[in-house]
Amino acid sequence: MNTKLEKTISSLSVYIIAAAIAVFAFAMYFVMPRPSDIDELGLYNPVYMQLHYGHMTYPAYGGGYFHGMFVHPPVRYLEIAEMMRLGLSLPYAEGLSVFLLTLGIIVSTVRARLDILTKMALLGGYFAALVWTEVEDIATKSGAYGLRPDLELALVWFLGLVLLQDAMRRDWNLVLIFIGSAALSYASILHYYGIVAFTGIAYYLIKARLDLPRTRFWHVAVVTSAGCLAILLPYFIGFVLPNLRDILSMAHIVQSVGGWETPFVRHFNQYDFWLTQGRLNGIQGLYYLLYPFLYLKIPLFIFGASVMIARKELRGLGLSALPLPVLVFAYSHGKSGDYYLPELMLAFSAVFLLVGFSLRFIISKLLPDRIDVASFFPGANLRYFSAWLSFI
């Protein structure tokens, strides 16, 4: 096939997948009816208090938090309250920020200086994780795509990873470094288990120190620090310091359940749950992609990060992604199914990377006049997308 035509078809494949994900996200966040669970009902209370009294408290929780909101950090709930103040109803206020983050991921991945198949794997992995959790939430009548901060955390984390990797591959683009560092830092303040997300910047600082002249390294270091401090400093001064005792008390209540082995047991119990529920209509194909790892109890984030680290163009992304899922795996006692979104994104992206590059290798050996395997993917993705829409 003509090289120019091949590149055009491959690029078109990425745009088709990106458009399908955008349509899916719009339908999921703004059109689909969502189930209401106890969190969706209870967590509206701090939003209501902020909206009507100008001070976020959570009197409906347990014994009642009449002086503040400490069950989760208040960031997500402040966002929703302010959007409702501007005139949005609750479902649209819940969906707007995550939809914009979805578009940010799509645009950042499509424009990134990565191989066509790598872009498709990242988009497909992110898309697959969303489908997996949405179908599971419908089946269990819970809601990741509501008031809880878990989805927004996973999205802004993934966005930050893509931006930082692209920044490095663009000869350390300072604008992308600032936005990527700020995004990872924002993931750190949306929920307590996200606190280590910003430490993913360490890889890029070390890499810049090793690869760049001293002056350029300091430019990168200053911009990276500025991106982090722009988010973390107001959060620390405005929320953490004044409420440290209540935050530590809440953390102790959650983390005191069970022993040191509890996080590992709960993690693999979730894998067992997926093994029994994974054949749900709408995710059968995805279930079989993850089955070997779930059955053998191989942590999904280890598999996903390992595949990315093995590929040079994604090595930084794979390493900088590790702190968040490692903390969830080894430390979090109170994790729920939505905490696993980051490692699902890594695992599905890794599967699609292996499949895509394996097919490219086989085709290059079998067909002298090679056709890039990327040109075959849009139809398959659209067929899967159509099947999912028929489920909902």
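The values are calculated or read from the model by the stated rules, or taken from the named source; none is laboratory data. Predicted model only: the values in this text are computed from it and were never measured. So basically every Cβ, Gly included, is an ideal-geometry build from the backbone, and we count neighbours across all protein chains shown.
Can you name the residue in region 324-367 that is among the basic types (K, R) and assigned to a helix (DSSP H, G or I) and is also farthest from E261 (Cα to Cα) among such residues? Let's see the steps before the verdict.
As a first pass, look at region 324-367 and keep what is among the basic types (K, R): 335, 360, 365.
With assigned to a helix (DSSP H, G or I) added as a condition, the list becomes 360, 365.
Details: R360: 42, K365: 48 Å.
Filtering first and then ranking leaves K365.
Looking at G200, G180, can you tell me which residue is crowded, with 24+ Cβ neighbours inside 10 Å and touching a Pro at 6+ places or on another chain (Cβ under 8 Å)?
After applying the criteria, what remains is G200.
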Give the residue that is surrounded by the fewest Cβ atoms within 10 Å (Cβ to Cβ), with candidates limited to residues of region 205-229 that are without any contact (Cβ under 8 Å) to a residue 24 or more places away in the chain and basic (K, R).
R214
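Which of the following residues is part of a helix (DSSP H, G or I), touching a helix residue (DSSP H, G or I) at 6+ places or on another chain (Cβ under 9 Å), modelled with pLDDT of 90 or more and acidic (D, E): D246, D272? Spell out how you get there, then give the answer.
On the way: D246 fails: touching a helix residue (DSSP H, G or I) at 6+ places or on another chain (Cβ under 9 Å).
Unique residue meeting the criteria: D272.
The rows are residues; the columns are (1) more than 23 Å from L324 (Cα to Cα); (2) surrounded by 15 or more Cβ atoms within 10 Å (Cβ to Cβ).
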position	(1), (2)
I195	no, yes
I231	no, yes
I253	no, no
F268	no, no
Q284	yes, no
L290	no, yes
F293	no, yes
I302	no, yes
A305	no, yes
At pLDDT 95 or above, at negative phi and out of contact with any Phe, Trp or Tyr (no Cβ under 9 Å at 6 or more places or on another chain): which single residue out of V307, V265 fits that description?
V307
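So which of R113, R76 ends up being modelled with pLDDT of 90 or more, in contact with an Asp or Glu (Cβ under 7 Å, 6 or more places away or on another chain), among the charged types (D, E, K, R) and not in a helix (DSSP H, G or I)? Spell out how you get there, then give the answer.
Details: R76 fails: not in a helix (DSSP H, G or I).
Within the list R113, R76, the selection yields R113.
If you go through region 54-73 one residue at a time, how many are assigned to a loop (DSSP other than H, G, I, E, B) and more than 29 Å from the chain's Cα centre (by Cα)? Full working, then the answer.
The initial filter retains those residues of region 54-73 that are assigned to a loop (DSSP other than H, G, I, E, B), namely 54-57, 59-64, 66-73.
Then keep just the ones that are more than 29 Å from the chain's Cα centre (by Cα); that gives 54-55, 59-60, 62-64, 66-67.
Counting residues in region 54-73 that are assigned to a loop (DSSP other than H, G, I, E, B) and more than 29 Å from the chain's Cα centre (by Cα) gives 9.
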Which of (1) within 27 Å of L12 (Cβ to Cβ); (2) modelled with pLDDT of 70 or more; (3) in a loop (DSSP other than H, G, I, E, B) does R370 not meet, given it meets every other one?
(2)
Please specify each residue of region 178-220 satisfying the condition of being outside any helix (DSSP H, G or I) and over 15 Å from Y235 (Cβ atoms).
L212, P213
Are any of the residues in region 29-38 modelled with pLDDT of 80 or more and touching an Asp or Glu at 6+ places or on another chain (Cβ under 9 Å)?
yes
Any idea which of I298, I302 is part of a loop (DSSP other than H, G, I, E, B) and within 21 Å of G124 (Cβ to Cβ)?
I298
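So which residues in region 253-262 are assigned to a helix (DSSP H, G or I) and either among the aromatic types (F, W, Y) or within 26 Å of the chain's Cα centre (by Cα) (or both), if there are any at all?
We begin by selecting, within region 253-262, every residue assigned to a helix (DSSP H, G or I); these are 253-255, 262.
If the condition is that a residue be assigned to a helix (DSSP H, G or I) and either among the aromatic types (F, W, Y) or within 26 Å of the chain's Cα centre (by Cα) (or both), then V254, Q255, T262 are the ones that fit.
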Members of region 84-95 found to be in contact (Cβ under 8 Å) with a residue 24 or more places away in the chain and either among the aliphatic types (A, V, I, L, M) or surrounded by fewer than 22 Cβ atoms within 10 Å (Cβ to Cβ) (or both), listed by number:
M84, R85, L90, P91, Y92
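For (1) of a type in the set (S, T, N, Q); (2) surrounded by 15 or more Cβ atoms within 10 Å (Cβ to Cβ); (3) out of contact with any Pro (no Cβ under 6 Å at 6 or more places or on another chain), each residue gets a yes or a no:
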position: I17; (1), (2), (3): no, yes, yes
position: I21; (1), (2), (3): no, yes, yes
position: A27; (1), (2), (3): no, no, yes
position: L41; (1), (2), (3): no, no, yes
position: P74; (1), (2), (3): no, yes, yes
position: S97; (1), (2), (3): yes, yes, yes
position: G104; (1), (2), (3): no, yes, yes
